[in-house]
Structures are given as C-alpha cells and as structure tokens.
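**Student:** Could you have a look at this structure, given as structure tokens, before my questions?
The values are calculated or read from the model by the stated rules, or taken from the named source; none is laboratory data. Remember, it's a predicted structure, so these values are computed and weren't measured experimentally. Please note: Cβ atoms are built from the backbone with ideal geometry, for glycine as well, and neighbour counts cover all protein chains shown. With ligands, DNA and RNA removed, areas are computed over all heavy atoms of the protein, side chains included. Shrake-Rupley method; radii C 1.70, N 1.55, O 1.52, S 1.80 Å.
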Amino acid sequence: MNDPYNVLFLCTGNSARSILAEAILNRVGVGKFRAYSAGSQPKGEVHPYALQLLKTLNHDTSFARSKDWQEFAAAGAPEMNFVFTVCDNAANEACPVWPGQPMTAHWGVPDPAAVDGTDAEKHLAFAEAYRMLNNRISIFVSLPMNTIDKLALQKRLDEIGRDLPKAG
C-alpha cells in the first residue's frame with residue numbers, strides 16, 4: 001500500500017471550517033488520505049458548536065486543536081500533497097512556502113461562527129458548513145489520483161470549490 005496523501009485545510013482562525021474538513025477527510029479518506037488543519041491567526045480553541053456537531057456525528061474529536069499554519073511549514077512537519085483554503089480570508093493571505101510544492105485550491109465555505117441569530121440558526125450554519133465540506137471532500141476522495149494527470153487534477157480541484165450548488 002502507498003503512503004496516504006497528506007492534506008492541509010487552512011482557514012484564518014482554525015476553529016470551525018478547517019477543523020470540520022479535517023475530521024471529515026480523516027473519516028471518508030481513511031487509508032488514502034491524512035488530513036490536518038491550521039490557521040493564519042488561530043483562535044487558540046475549537047468552536048464549541050464545531051465540536052458538538054462532530055461528536056453528534058460520531059467523529060473522534062481528540063485531534064481537534066486550533067494551531068498556526070507555520071507548524072506545517074517547519075522542518076520535520078509532514079510534507080503536504082494538497083493544501084485547501086476553506087475561508088475567504090486565508091485564500092487572500094500570503095501562505096508559507098510549503099515543502100514539496102503541494103497542489104492547492106480554494107474551497108470557500110461561509111463562516112458558521114460569524115452567524116448571528118438563535119442557537120438553532122447557529123447550529124444550522126455549522127451543519128450547512130459540514131454538508132458543503134462533506135460534499136466537496138467526498139468528490140475529492142473519489143478522484144482517480146493514480147491515473148489523472150496533474151493539470152487535469154488541478155482543474156478538478158478548482159471545480160470542486162466552484163461547482164457545488166448553493167443551499168436554498
């Protein structure tokens with residue numbers, strides 16, 4: 001068996017979307033992918049609604065911690081094959097230089113932590129972010145990594161971030 005592909009999900013705070021994505025990929029891509037997450041300005045803690053949602057969906061949350069993306073650019077860090085930004089702010093920031101020149105794409109998802117409203121509306125926003133990320137990641141893990149050329153793969157990664165229908 002080949003080593004799993006390493007995937008880093010980036011966001012600004014590393015407290016919600018990137019944590020959700022890390023949990024999802026580590027479940028649906030087990031054996032083929034190993035997911036990590038980080039932020040450009042980590043909050044220092046994972047959003048409690050993100051943790052609650054993951055626990056409700058029977059995800060192991062022991063991995064969940066808010067961390068700086070520099071951790072993954074440092075010597076000795078796992079070499080990434082893919083780096084995906086999942087929030088608009090991180091997509092526009094200057095990222096560290098990643099060893100190995102991983103493939104990158106922007107898979108922006110609205111920030112559920114920014115939703116104002118009732119607890120029910122906030123929980124719904126987290127569930128919607130999870131749904132969007134789960135859909136994108138499910139498409140990603142089904143790509144024929146061993147048989148697709150790099151240019152076609154990059155095109156598909158970009159399409160995954162653009163082509164999902166919006167909830168309505």
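**Student:** Sequence-distant or interchain residues sharing an amide H contact under 5 Å with residue 9, placed H: which?
**Tutor:** Amide H neighbours of residue 9: 36, 37, 38, 84.
**Student:** Taking amide H positions as placed 1.01 Å from N in the peptide plane, with prolines and chain starts having none, which residues 5 or more places from residue 104, or on another chain, fall under 5 Å of its amide H?
**Tutor:** Long-range HN contacts for residue 104: 83.
**Student:** Moving on to the next point. Is the shape of the stretch 113-159 best called rounded, prolate or oblate, per the rule: a/c under 1.5 gives rounded, else a/b larger than b/c gives prolate, else oblate, with a ≥ b ≥ c the square roots of the Cα gyration tensor eigenvalues?
**Tutor:** Prolate, because a/c is 1.5 or more and a/b exceeds b/c.
**Student:** Rounded to the nearest percent, how much of the accessible area of the chain (1.4 Å probe, protein heavy atoms only) is carbon and sulfur?
**Tutor:** Details: 4380 of 8620 Å².
Within the chain, the accessible surface is 51 percent carbon and sulfur.
**Student:** Take each complete run of DSSP H in the chain, measure how far its Cα atoms stretch along the helix's own axis, and keep only those covering 15 Å or more with mean Kyte-Doolittle hydropathy at least -1.0; list them. Could the numbers behind the result be given before it?
**Tutor:** Values: long enough: 17-28 (16 Å, 0.63); 119-141 (32 Å, -0.01); 150-162 (18 Å, -0.77).
Those that pass (Cα extent of 15 Å or more, hydropathy at least -1.0) are 17-28, 119-141, 150-162.
**Student:** Using 14 Å as the cut-off for backbone N distance, which residues of the stretch 1-44 belong to the label zone defined by a point 7 Å from the Cα of residue 65 along Cα→Cβ?
**Tutor:** Residues 37-39, 43-44 fall inside that zone.
**Student:** Could you sort 133-141, 18-26 so that the peptide with the highest average Cβ count within 10 Å comes first and the rest follow in order?
**Tutor:** 18-26, 133-141
**Student:** Return one whole number: the accessible area per residue of the chain in Å², for a 1.4 Å probe.
**Tutor:** 51
**Student:** By its C-alpha gyration tensor, with a ≥ b ≥ c as the square roots of the eigenvalues, how is the stretch 1-94 shaped: rounded for a/c under 1.5, else prolate for a/b larger than b/c, else oblate?
**Tutor:** Judged from the Cα gyration tensor, the stretch 1-94 comes out oblate (a/c at least 1.5, b/c at or above a/b).
**Student:** Past the 27 Å Cα-Cα mark, which pairs from 32/150; 67/150; 32/122; 55/122?
**Tutor:** Table pairs above 27 Å Cα-Cα are 67/150; 32/122.
**Student:** Going by a ≥ b ≥ c, the root eigenvalues of the Cα gyration tensor, does the stretch 1-54 fall in the rounded group (a/c under 1.5), the prolate group (a/b larger than b/c) or the oblate group? Present the calculation step by step, with values, prior to reporting the outcome.
**Tutor:** Values: a/c = 3.87, a/b = 1.71, b/c = 2.26.
The shape class here is oblate.
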